[in-house]
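*Asks:* Just passing along the structure, written as structure tokens.
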Amino acid sequence: MPGKAAKVTITEQQQEILLRISRSRTEASHLRQRATIVLLAFEGQRNEVIANKVRLERHQVGLWRRRWADAFSKLVAIECGEGPRALQAAIVKLLSDVPRSGSPGIFSAEQLTQIIAVACESPADCGRAVTHWTPQELADEAVKRDIVPSITATTIRTLLHEADLKPHLSRYWLTSPDKKEDPEAFASRVQTVCDCYLNAPELSFQFNTHTVSIDEMTGIQALERLNPTKPTQPGQVERREFEYKRHGTLTLIGNFNVVTGKLINPTFGPTRTEQDLAQHIDELVQTDNESCWVLIMDQLNVHWSESLVRLVARDEGIDETTLGKKGRSGVLKSKKTRQAFLEDASHRIRFVYTPRHTSWMNQIEIWFSILVRRVLKRGSFKSVAALRERIEAFIGYFNETIAKPFRWTYTGRPLQAKVA
């Protein structure tokens, strides 16, 4: 005769977690199945009925009922003492399979290490006309090198997963030429930028100095979807029309106030020329002629142009005839001389440049990424004018409801491992 089924008791919070697991589309199937067993047992259904619903044997249903009943008091203690997250983790662990010893491995640690080393090599260096390894090619290479007599692609795939190696994936990265050419100058420039962010609040409140990150976002496309977007519904995400119509492009020159976290005095236009930027900077500093300005920018050629040098010279009361001639003499002679003049800390308008290919150090790039995610990526615009109106509306919304200074934690110094 079958034994007596274990009595299943659950709390309200446990029931919510079990329901969430049983209905989840991302949890493992065995977790959903076992959560359903506990819920049906709590309703008082017999093991035979539950077994038919979850497609298991009756004794398997009884096993999970018993396991839940035995652990119930511990789950209640976790629920009362540690909170919902700890309770959910405990329930998932309870419904998971107990680790098994398994069969002994057929490959030695040395063989596995050699295979991992091969996975870190370039296939081209091994005489293969491909850019990256597949599990099957790694298996063939391991056999070819006599590392192992035979091995399957499935075993290779498991080994790569355990070693956290992903030969099928890649990411772009960019090395700063400044770091290669002069590491000390690179480190000094990085430190200067970080110090500007660190000192910005004090400069603003005590010395009436604005610290502003400036950059351009060029070629913003006014794309109109051919059909309206279908809004999200229960069980269905938002759907956007794949095809679109182009209506032109727009350039945004933005100023991110490091202290307030607001975007101030943006400029919109079809281009970003030397004259466009100089006019933009002039309009920005005219908003507060009594204050000093620290302007953080990357090293695009228009950011250290002759027009900016003349703008700063006029502001400082310097005779422009003493600036020399571009490409020949004086302050205007070269990029280096123009940059040195614009970086002069004694000027009311001081420029601070990030190293080349490190524009990620300019905080306005963070704001641009917010604009892309919140407005541009999923937007549909019937004209360039409509695109500009939407961006202007978002800037106003951002400044009123979202704006706050970014928490800049990078110091320019290499991270040090913490010693336990």
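The values are calculated or read from the model by the stated rules, or taken from the named source; none is laboratory data. For clarity, every value in this text was computed on a predicted model and none was experimentally measured. Virtual Cβ from ideal backbone geometry, glycine too; neighbours counted across all protein chains shown. For the accessible areas, the whole protein counts, side chains as well, though only heavy atoms, and no ligand, DNA or RNA atoms are used. Shrake-Rupley method; radii C 1.70, N 1.55, O 1.52, S 1.80 Å.
Residues checked against (1) free of Cβ contacts under 8 Å to residues at least 60 places away in the same chain; (2) hydrophobic (A, V, I, L, M, F, W, C); (3) open to solvent by less than 70 Å² (accessible area, probe 1.4 Å):
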{"position": "Thr9", "(1), (2), (3)": "no, no, yes"}
{"position": "Ala28", "(1), (2), (3)": "yes, yes, yes"}
{"position": "Leu40", "(1), (2), (3)": "yes, yes, yes"}
{"position": "Phe72", "(1), (2), (3)": "no, yes, yes"}
{"position": "Val92", "(1), (2), (3)": "no, yes, yes"}
{"position": "Glu110", "(1), (2), (3)": "yes, no, no"}
{"position": "Glu121", "(1), (2), (3)": "yes, no, no"}
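*Asks:* Quick test of your reading of the structure: Thr267 fulfils all but one of (1) open to solvent by less than 60 Å² (accessible area, probe 1.4 Å); (2) touching a residue at least 24 places away in the same chain (Cβ under 8 Å); (3) not in a helix (DSSP H, G or I). Name the failing condition by number.
*Replies:* (2)
*Asks:* Can you report the number of residues in the stretch 49-70 which are basic (Lys, Arg) and in contact (Cβ under 8 Å) with a residue 60 or more places away in the chain?
*Replies:* Count: 2.
*Asks:* Here is a follow-up. Please go through the stretch 396-411 and pick out each residue that is part of a helix (DSSP H, G or I) and of a type in the set (Gly, Ala, Ser).
*Replies:* Result: Gly396, single match.
*Asks:* Of these, Gln88, Gln111, which one is at pLDDT 90 or above and closer than 30 Å to Lys144 by Cα?
*Replies:* So the residue among Gln88, Gln111 that is at pLDDT 90 or above and closer than 30 Å to Lys144 by Cα is Gln111.
*Asks:* Return yes or no: is Thr358 over 21 Å from Trp293 (Cβ atoms) and open to solvent by less than 20 Å² (accessible area, probe 1.4 Å)?
*Replies:* yes
*Asks:* Which residues, taken from the stretch 344-384, are part of a helix (DSSP H, G or I), within 23 Å of Thr209 (Cα to Cα) and of a type in the set (Val, Ile, Thr)?
*Replies:* Hits for the stretch 344-384 are Ile364, Ile366.
*Asks:* Within the stretch 281-295, track down each residue that is open to solvent by less than 50 Å² (accessible area, probe 1.4 Å) and in a loop (DSSP other than H, G, I, E, B).
*Replies:* Within the stretch 281-295, Asp288, Ser291 meet the criteria.
*Asks:* Can you find a residue in the stretch 205-226 that is surrounded by 16 or more Cβ atoms within 10 Å (Cβ to Cβ) and over 24 Å from Trp367 (Cα atoms)?
*Replies:* Yes: the stretch 205-226 contains one or more residues that are surrounded by 16 or more Cβ atoms within 10 Å (Cβ to Cβ) and over 24 Å from Trp367 (Cα atoms).
Condition check ((1) among the β-branched types (Val, Ile, Thr); (2) open to solvent by 50 Å² or more (accessible area, probe 1.4 Å); (3) at pLDDT below 95) across all residues:
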site: Phe368; (1), (2), (3): no, no, no
site: Leu371; (1), (2), (3): no, no, no
site: Lys377; (1), (2), (3): no, yes, yes
site: Ala385; (1), (2), (3): no, yes, no
site: Phe394; (1), (2), (3): no, no, no
site: Ile402; (1), (2), (3): yes, yes, yes
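*Asks:* In addition: Restricted to the stretch 176-204, and to residues that are among the small types (Gly, Ala, Ser) and farther than 12 Å from His357 by Cβ, which residue is most open to solvent (accessible area, probe 1.4 Å)?
*Replies:* Residues of the stretch 176-204 that are among the small types (Gly, Ala, Ser), as a first pass: 176, 185, 187-188, 200, 204.
After this cut, where a residue has to be farther than 12 Å from His357 by Cβ as well, the list is 185, 187-188, 200, 204.
Working: Ala185: 49, Ala187: 53, Ser188: 68, Ala200: 0, Ser204: 35 Å².
Ranking the qualifying residues of the stretch 176-204, first place goes to Ser188.
*Asks:* Under 30 Å from Gln236 (Cβ atoms) and surrounded by 13 or more Cβ atoms within 10 Å (Cβ to Cβ) - does that describe any residue in the stretch 44-58?
*Replies:* For the stretch 44-58, residues under 30 Å from Gln236 (Cβ atoms) and surrounded by 13 or more Cβ atoms within 10 Å (Cβ to Cβ): present.
*Asks:* Go through the stretch 129-149 and report how many residues are open to solvent by 70 Å² or more (accessible area, probe 1.4 Å) and either at negative phi or within 34 Å of the chain's Cα centre (by Cα) (or both).
*Replies:* Of the stretch 129-149, the ones open to solvent by 70 Å² or more (accessible area, probe 1.4 Å) are 129, 131-132, 136, 140, 144-146, 149.
Keeping just the survivors that are either at negative phi or within 34 Å of the chain's Cα centre (by Cα) (or both) gives 129, 131-132, 136, 140, 144-145, 149.
Counting residues in the stretch 129-149 that are open to solvent by 70 Å² or more (accessible area, probe 1.4 Å) and either at negative phi or within 34 Å of the chain's Cα centre (by Cα) (or both) gives 8.
*Asks:* Only one of these is surrounded by fewer than 17 Cβ atoms within 10 Å (Cβ to Cβ), within 18 Å of Ser108 (Cβ to Cβ) and free of Cβ contacts under 8 Å to residues at least 12 places away in the same chain: Thr158, Thr152. Name it.
*Replies:* Thr158
*Asks:* Are any residues in the stretch 206-248 more than 26 Å from the chain's Cα centre (by Cα) and assigned to a strand (DSSP E or B), and if so, which ones?
*Replies:* Correct list: Thr209, His210, Glu224, Arg225, Lys230, Gln233, Tyr244, Lys245, Arg246, His247, Gly248.
*Asks:* Any residue in the stretch 320-343 that is closer than 28 Å to Phe398 by Cβ, open to solvent by 40 Å² or more (accessible area, probe 1.4 Å), touching a Leu at 6+ places or on another chain (Cβ under 9 Å) and not in a helix (DSSP H, G or I)?
*Replies:* no
*Asks:* For the stretch 94-108, which positions are touching a residue at least 40 places away in the same chain (Cβ under 8 Å) and surrounded by 11 or more Cβ atoms within 10 Å (Cβ to Cβ)?
*Replies:* Leu95, Ser96, Phe107
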